[in-house]
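These notes concern the structure reproduced below.
The values are calculated or read from the model by the stated rules, or taken from the named source; none is laboratory data. Predicted model, so just to flag it, every value in this text is computed and none were measured. Ideal geometry is used to build each Cβ from the backbone, glycine not excepted, and the neighbour counts take in all protein chains shown.
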Amino acid sequence: MVPLIRPQQVTITPQNIVASCIFGVGFPLEKIAKELGAEFTPEQFPGAIYHMSGGYTFLLFKNGKAVLAGCRSEAQLMKAAKELDKELRKIGVKIKKYDITIQNMVFSLDLKVDVDLEKFVKNVIDSYYSPELFPGLTFKIHDPTVTFLIFSSGKCVLAGLKDIKYIDKAIKKLVDTVNKSGAAKEKKVKPDDKKAKKKSKGKKK
């Protein structure tokens, strides 16, 4: 019997948010590199890469625009921007505004079932699978516009989301598509897992 997945059984783990930023102040990139330790090689690239202790990374440009990566929630975006402002003040630069726009949100998912990728790609449009090149299957949806990378283990990556309010809708579409394709399979229990279960039962006795 083909198992049916329910949206509420899918585990969701945020991995990364990429956002564009406008701070309303010019960035002296040479000074930021020299005094704050940013990476800046203008002959190769016009932006400076500034890694922060919180795991955030800013790509800074002279015109006050930036790209921020490494956050895992929307709240962390402003936190990272405030920390950047704190560091820049040390060299006399003060951020004038915080205009932050999410460009891409990435999540890891677990469907809690195995997925027959060959069956999925045969029955679903907007999917691509070439196992000789890569073990994952690519599946795109358009409302919201996101891309899923699906593995036979049921583990997935969701990328391209720009607003967290649409994540439930995206996951429901994925789940409905997997169910309709008949590609879901019961999870295979690994030999090591079986041994672990027997040991745990033995301990309970």
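All of Asp168, Asp110 fail the test of being touching a Cys at 6+ places or on another chain (Cβ under 9 Å), at negative phi, modelled with pLDDT of 95 or more and of a type in the set (Asp, Glu), apart from Asp110. Among the conditions (1) assigned to a helix (DSSP H, G or I); (2) out of contact with any helix residue (DSSP H, G or I) (no Cβ under 8 Å at 6 or more places or on another chain), the only one that Gly26 does not satisfy is (1). In the set Ile12, Ile17, only one residue is within 30 Å of Lys155 (Cβ to Cβ), at pLDDT 95 or above, among the hydrophobic types (A, V, I, L, M, F, W, C) and crowded, with 18+ Cβ neighbours inside 10 Å; that residue is Ile17.
Please work out if Ile49 is within 20 Å of Val93 (Cβ to Cβ) and of a type in the set (Val, Ile, Thr). The answer is yes for Ile49.
Checking each residue in segment 137-148 for being over 15 Å from the mean Cα position of the chain (by Cα) and exposed (fewer than 13 other Cβ atoms within 10 Å of the Cβ) picks out His142, Asp143.
Looking for something part of a strand (DSSP E or B) and farther than 14 Å from Thr177 by Cα - is there at least one such residue anywhere in segment 70-79?
Yes: segment 70-79 contains one or more residues that are part of a strand (DSSP E or B) and farther than 14 Å from Thr177 by Cα.
Can you confirm whether Glu118 is out of contact with any Pro (no Cβ under 7 Å at 6 or more places or on another chain), among the acidic types (Asp, Glu) and farther than 23 Å from Ile167 by Cα? Give the derivation first.
Working: out of contact with any Pro (no Cβ under 7 Å at 6 or more places or on another chain): yes; among the acidic types (Asp, Glu): yes; farther than 23 Å from Ile167 by Cα: yes.
Against the criterion (out of contact with any Pro (no Cβ under 7 Å at 6 or more places or on another chain), among the acidic types (Asp, Glu) and farther than 23 Å from Ile167 by Cα), Glu118 qualifies.
Would segment 124-136 turn up any residue that is hydroxyl-bearing (Ser, Thr, Tyr), under 18 Å from Ala184 (Cα atoms), surrounded by 18 or more Cβ atoms within 10 Å (Cβ to Cβ) and not assigned by TED's automatic domain parsing to the domain that holds Ala81? Yes.
Against the definition (touching a Ser or Thr at 6+ places or on another chain (Cβ under 7 Å), hydroxyl-bearing (Ser, Thr, Tyr) and more than 20 Å from Asp176 (Cβ to Cβ)), how does Thr138 come out, yes or no? Criteria not met by Thr138.
Leu4 meets all of the listed conditions (1) in contact with a strand residue (DSSP E or B) (Cβ under 8 Å, 6 or more places away or on another chain); (2) assigned to a loop (DSSP other than H, G, I, E, B); (3) buried (at least 16 other Cβ atoms within 10 Å of the Cβ) but one, namely (3).
Could you go through segment 90-103 and let me know if any residue there is under 26 Å from Lys165 (Cβ atoms) and buried (at least 16 other Cβ atoms within 10 Å of the Cβ). Talk me through it step by step, then tell me what you get.
Of the residues in segment 90-103, the ones under 26 Å from Lys165 (Cβ atoms) are 97-103.
Narrowing the set further to residues that are buried (at least 16 other Cβ atoms within 10 Å of the Cβ) leaves 100, 102.
Scanning segment 90-103 turns up at least one residue that is under 26 Å from Lys165 (Cβ atoms) and buried (at least 16 other Cβ atoms within 10 Å of the Cβ).
Considering every residue within segment 89-103, establish whether at least one is touching a residue at least 12 places away in the same chain (Cβ under 8 Å) and either of a type in the set (Gly, Ala, Ser) or closer than 30 Å to Gly182 by Cα (or both). No - not one qualifying residue is present in segment 89-103. Of the residues making up segment 170-188, those that are assigned to a helix (DSSP H, G or I) and more than 14 Å from Leu109 (Cβ to Cβ) are Asp176, Asn179, Lys180, Ser181.
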